[in-house]
Each structure stands twice: as structure tokens, then as C-alpha cells.
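Report on the following structure.
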Amino acid sequence: MNRYDLSEFVLSLMNKANTHTPLHFQQYMIGLMRGITVFDSAWWGWSVLRGGKIAMVHTMVSGLPEGFEPKVKAHLVNDPFVRTGRSLKRYARSLSVEDAVTDPGFKVFAEEFDLTQMLNGHCKVREGPFNFFMSLYRHGQNSAFTDTETTDFLAILRHLEQALSMCLQLDLGLRVDPCNEWALLDHEGELFLCSSGFNSVVKDGLDPEQKPTAMLREFAGQAVVTAPSGTTFSRVRYSDDLWLVSAQPVSPLNRLSPKERQVAELLIAGATMRVIAEESGVSVNTVRNQVASVYRKTGVHDKVELLRLAGGLPR
């Protein structure tokens, strides 16, 4: 693989990441891979090691029958790639089933699907527990993957993970209010991907003796969870494998007294301080003090910021 081929691959990859939803992008991605690496079939997706077992989301196959996934998952504990590479941020290894895999059950499985050469790799997803993995296979008497192909695959994996992460970020930006923090969780409450401030919001909402992992499991199990802090976490289906959890913070407007709330609503509606004073039967100075209190409690500095806080202006 020369630099020109890699550059063309990356440009095409990023272009599709900007224009496709994540699942459609994952399907398109394998076509690009066939243009830069020689293989017969492939298996890829996202995985996490939990309780000594591998959990997976958004997995896909190319050139393999439907029965492949359940059978390969049964043999993951014996996969040398899983045993030696899970803890590394980025990893790639080529294997010959005959020479490198000693487990008889795995050999039987590989023979069933005519897998003779494997090129396995993964990349960590940011700092989260999930990683993106891909396994490429050659069948029959095809030659083994070379050291050069393995090195190239390691570089390609990094770009695949970056493109997939960007694709997810763009998709979630269209689904979630930009004012809210968000997270993708699997059915067990394992954090797949989240916005930069989500973990802080979770931490602020914990009971004194509650752990973040327990709260995440609660999000995965309930449609709506209201934390002690007042933040509401709502869950919707993102895909067959993942929940999308959005954190709706307590509005600063809720901190206002009934009278201050009335003044704020009149300000938001466009009333001047004189009009508010006339409607309330108080002096303009009194209204001015009430407005100052509204600004202080909500953390804004003027009417424009108050209107934006109330949702009347874009951010």
C-alpha cells in the first residue's frame, strides 16, 4: 500500500462518514477495504470485554453465511487475538489457523467456514471500554497475510475508527438537543460513546453511596430516570444494540420565585421595565431589582441571554 492509495482511501472514508448514517457507513466501509486490501471475507463491529466475556454491538459480516456470527462468538475465549491484544490501544496480528491456533474446537469451526488465514485487529474508541474490531479472512489455499499487510492494516484501522467515531458524532448531533449531554449505552448499561460532559452530569446526579456504573444500568433499564440533582435522563432506542440517553438539566428558571418568574416571563415576551411595573402595580425601581435578581439566579447578563435560555433564540 503506497501513500497515494492510503490518501485516496482516507478521503473516500471521511467523505462517506460525513454523508452516511453509522450503520450505512459500516456497510459501505467494507467496499473501500476491498479496494486496498486483498481478502475473501470479513467480520467487524464494536466489542467490549465484560466479566471475562466479549459483548458486541453493530457487528456485520461480508462474504460469510448467517450462521457464522453465533459460532465465532462461542470460540472467542480461545481466539489468540482476544487473549493477547485486548489491552492494547491499537493492535493487529496475522494468523494461520493451522499453525497458530491450537484449540481443536476452533480448528473445527475454521474448517467449517474454510478460514485458513486471518488478519485480526482493533482500535480503542476514545477512552471508553468499547473498541472497533475487524477480522479479515482468506480461504482455501490462498497465501498468508504478510508482515507488510499487517502493518498497513494497523494504519487503516486507526482511520476506520476515527471515521466511525466522527460518523456517530454527526448523527447524534442531529438527534440530540445541543444543550444536552448524551450517551450511547448497550443493554447492560455499558457506556459505548458519550458527549464530553456526560460523565460529569452523571457524577453530579449520584446519590452519596451510588456508583456511576449502577446509574448507567438504571438508564439502560428505564425510559426516564430523574437524578437527585433534578437532571432528567431519558432513554430512546438508537439501534437494535444501543440506547441513546439524553440528559435534560434542570432549567435555571426553576430557581426563581413566583414573582421573579412572572417578571422573567414578561421580559421574555418583550415587555419593558415600565410596562412590567404598571402591570404589577410596583415602581420601576422595584422591577429593576427583580430583574437583577432574575439575571443573578439564572446566570445570564441581559434580556438576550434570558431569551436564549428560555429557548427563544438559537445558541
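Using 0.36 nm times the number of residues separating A292 and V275, minus their current alpha carbon distance, what extension gain do you get?
Details: separation 17, 0.36 × 17 = 6.12 nm, distance 1.65 nm.
Taking 0.36 nm per residue and subtracting the Cα distance, the gain is 4.5 nm.
Please name which of A92, M134, V245 has its Cα lying farthest along the dipole of the chain towards the positive end, using unit charges on Cβ (Lys, Arg +1; Asp, Glu -1) and the Cα centre as origin.
Of the candidates, V245 comes out farthest on the positive side.
Placing +1 on the Cβ of each Lys and Arg and -1 on the Cβ of each Asp and Glu in the range 176-248, which of F219, V202, T232 has its Cα farthest towards the positive end of the resulting dipole?
T232
Based on alpha-carbon atoms only, what is the radius of gyration of the range 252-309 relative to the globular estimate 2.2 N^0.38 Å? Please list the in-between numbers first.
Numbers: Rg = 10.2 Å, N = 58, 2.2 N^0.38 = 10.3 Å.
In units of the 2.2 N^0.38 Å rule of thumb, it is 0.99.
Mean projection of the alpha-carbon convex hull of the chain over all orientations, in nm²?
On the way: hull surface 81.1 nm².
Reported value for the Cα convex hull: 20.3 nm².
With r defined as the distance between the Cβ atoms of S283 and R255 and R0 fixed at 35 Å, what FRET efficiency is calculated, to the nearest 0.05? Intermediate values should be presented prior to the final figure.
Details: r = 24 Å, r/R0 = 0.70.
Between S283 and R255 the formula returns 0.90.
Are any of the pairs K203/K297; K211/K303; K16/K53; K89/K203 more than 30 Å apart by Cα-Cα distance, and if so, which?
From the list (K203/K297; K211/K303; K16/K53; K89/K203), the Cα-Cα distance tops 30 Å for K211/K303; K16/K53.
With only alpha-carbon atoms in the gyration tensor, what are the semi-axes of the equivalent ellipsoid for the range 176-248, in Å, largest first?
Working: eigenvalues 58, 38, 23 Å².
So the equivalent ellipsoid measures 17, 14, 11 Å along its semi-axes.
Within the range 13-52, name every residue whose backbone N is under 20 Å away from a label modeled 7 Å from Cα of H187 along the Cβ vector.
Once the point is set 7 Å along Cα→Cβ of H187, 23, 44-52 turn out to lie under 20 Å by backbone N, inside the range 13-52.
What percentages, rounded to whole numbers, describe P(r) for the range 103-152 computed over all alpha carbon pairs with 5 Å bin width beginning at zero?
Pair shares across the bins are 5, 17, 20, 20, 16, 13, 7, 2.
Specify the longest stretch of the chain that does not include any exposed loop site, a site being one of the GluC sites (Glu not before Pro) with a non-H, G, I, E, B DSSP assignment and at most 11 other Cβ atoms within 10 Å.
On the way: sites that count: E66, E127, E209.
Answer - 210-315.
Between E111 and D147, what length in nm is gained on full extension when 0.36 nm per residue of separation is reduced by their alpha carbon distance? Don't skip to the end; give the middle numbers.
Details: separation 36, 0.36 × 36 = 12.96 nm, distance 2.39 nm.
Answer, rounded to one decimal: 10.6 nm.
To the nearest 20 debye, what is the magnitude of the charge dipole of the range 176-248 about its Cα centre, counting +1 on the Cβ of each Lys and Arg and -1 on the Cβ of each Asp and Glu? Walk me through the numbers before you get to the answer.
Working: 5 positive and 11 negative charges, 24 e Å.
Using only the charged Cβ atoms, the result is roughly 120 debye.
Computed from the coordinates by the stated procedures, all read-outs in this text should not be read as laboratory data. Not measured: the values here are computed from a predicted model. Backbone-built Cβ (ideal geometry, glycine too); neighbour counts: all protein chains shown.
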